[in-house]
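Please read the structure below before turning to the comments.
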Amino acid sequence: RFESSGITKAVMPKAVAAQRVLISPSATSDELSGLSDSGFFFRTSPPDVLQSKALTDVIMRYGVQRIVIIARDDSYGIGLRDKVAALLQEAGVKADGLKVLKYEVREEYKVEQFTPLATETIDFSPDSVLVIGFEESGNMIKALSARGMKFRA
């Protein structure tokens, strides 16, 4: 189960107390930057503040005005979702052109579990969809496709 930022947040106080170095290749939550780590925490992937800027730049490059952001309901998904949403609005996407959704973190996922989100997404008629998650994101994309959404490269 991938919850790298959440796990890192839980483990960090123990690592700091033991004066052990904690290195994460995938904990991106900005929340981690504000925690007291006494110099023992390092990450090899950029924090959400940088990833959100990059994602916003790519999205805006295509002139998107209606976007749905679907994210897993954990510190990674919600943190990145909210930052991208804020940057999109700063870049000119109107509030009524932005829909943010979330899905529950589970041990196992099935395509059918994403059907309600897919329907809500398609009903919004977006120019673009951003899915923030891990391997389960493929199920969200399959659910969108099954509901008739067309994709282009």
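The values are calculated or read from the model by the stated rules, or taken from the named source; none is laboratory data. Since this is a predicted model, take the numbers as computed values, not measurements. Quick reminder, even Gly has a Cβ in these numbers, built from the backbone with ideal geometry, and neighbours come from all protein chains shown. The area values use the complete protein model at the heavy-atom level, side chains included, leaving out ligands, DNA and RNA. Shrake-Rupley method; radii C 1.70, N 1.55, O 1.52, S 1.80 Å.
So the values come out like this:
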item: SER52 vs. criteria touching a residue at least 60 places away in the same chain (Cβ under 8 Å), in a helix (DSSP H, G or I), surrounded by 13 or more Cβ atoms within 10 Å (Cβ to Cβ) and polar (S, T, N, Q); result: no
item: Filtered residues of the stretch 64-85 (kept if open to solvent by less than 50 Å² (accessible area, probe 1.4 Å), in contact (Cβ under 8 Å) with a residue 24 or more places away in the chain and farther than 20 Å from PRO25 by Cβ); result: VAL64, ILE67, VAL68, ILE69, ILE70, ALA71, ILE78, ARG81, VAL84
item: All positions within the stretch 1-34 that are outside any loop (DSSP other than H, G, I, E, B) and of a type outside the set (A, V, I, L, M); result: SER4, SER5, GLY6, THR8, LYS9, PRO13, LYS14, SER24, ASP30, GLU31, SER33, GLY34
item: Matching option when the condition is farther than 16 Å from SER29 by Cα, out of contact with any Gly (no Cβ under 7 Å at 6 or more places or on another chain) and among the polar types (S, T, N, Q), among SER52, SER128; result: SER128
item: Condition broken by TYR103, with the remaining ones in (1) modelled with pLDDT of 95 or more; (2) farther than 30 Å from LEU22 by Cα satisfied; result: (2)
item: Pairs where the first residue, in the stretch 110-131, is under 12 Å from LYS99 (Cβ atoms) and the second is charged (D, E, K, R) and outside any strand (DSSP E or B), C-beta under 6 Å, 6+ apart; result: ILE122/ARG147; PRO126/ARG66; ASP127/ARG66
item: Set GLU120, GLU108, GLU135: member being open to solvent by 70 Å² or more (accessible area, probe 1.4 Å) and in a helix (DSSP H, G or I); result: GLU120
item: Filter result for ASP37 (part of a loop (DSSP other than H, G, I, E, B), of a type in the set (Asp, Glu), without any contact (Cβ under 8 Å) to a residue 60 or more places away in the chain and at negative phi); result: yes
item: Some residue of the stretch 13-22 being open to solvent by 40 Å² or more (accessible area, probe 1.4 Å), under 19 Å from the mean Cα position of the chain (by Cα) and free of Cβ contacts under 8 Å to residues at least 40 places away in the same chain; result: no
item: The stretch 23-49, residues that are over 26 Å from VAL84 (Cα atoms) and surrounded by 12 or more Cβ atoms within 10 Å (Cβ to Cβ); result: ASP37, PHE40
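For (1) open to solvent by 30 Å² or more (accessible area, probe 1.4 Å); (2) in a loop (DSSP other than H, G, I, E, B), each residue gets a yes or a no:
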{"position": "PRO126", "(1), (2)": "no, yes"}
{"position": "LYS142", "(1), (2)": "yes, no"}
{"position": "SER145", "(1), (2)": "yes, no"}
{"position": "PHE151", "(1), (2)": "yes, yes"}
